[in-house]
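Scroll down for the structure; my scribbles are underneath it.
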Amino acid sequence: MLSVHWRMAELWTLQKTRGLTEDEQSELSACLHYNAIYARKLAGLYNLSLAASMTNDTDWQHEICAQIEKLENQGGSSPQLKNG
């Protein structure tokens with residue numbers, strides 16, 4: 001998960017208990033903007049992967065899947081969740 005997603009979740013949680021400051025609102029807006037760009041890029045790659053699959057172009061599909069994996073792994077590993 002991208003660090004922007006962690007921050008967006010944190011800001012969303014904060015706004016449930018109190019109003020966000022002007023800086024926090026601006027930061028949330030920036031996170032949402034970045035998330036939209038990320039989602040569009042990923043959706044575009046998924047669509048290209050489908051097209052490659054439908055045309056049986058396995059080399060192209062492998063290239064696209066590598067791009068998808070790189071984008072999905074962007075931002076490093078997510079924090080470890082601890083059980084109870």
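The values are calculated or read from the model by the stated rules, or taken from the named source; none is laboratory data. Predicted model only: the values in this text are computed from it and were never measured. Every residue, glycine among them, receives a Cβ derived from its backbone with ideal geometry; neighbour counts consider all protein chains shown. Each accessible area value is taken on the protein alone, full model and side chains, heavy atoms only, with ligands, DNA and RNA left out. Shrake-Rupley method; radii C 1.70, N 1.55, O 1.52, S 1.80 Å.
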For this session: Hey, can you tell me all the residues within region 13-41 that are under 30 Å from Q67 (Cα atoms) and not small (G, A, S)?
Result: E27, L28, C31, L32, H33, Y34, N35, I37, Y38, R40, K41
For this session: Among the residues of region 1-41, write down those that are open to solvent by 70 Å² or more (accessible area, probe 1.4 Å), in contact with a helix residue (DSSP H, G or I) (Cβ under 8 Å, 6 or more places away or on another chain) and of a type in the set (A, V, I, L, M).
Result: L32
Exercise. What are the residue pairs meeting all of these: first residue in region 3-26, first residue over 21 Å from Q74 (Cβ atoms) and in contact (Cβ under 8 Å) with a residue 24 or more places away in the chain, second residue open to solvent by 100 Å² or more (accessible area, probe 1.4 Å) and part of a helix (DSSP H, G or I), Cβ atoms under 8 Å, and 6 or more apart or on different chains?
Worked result: none
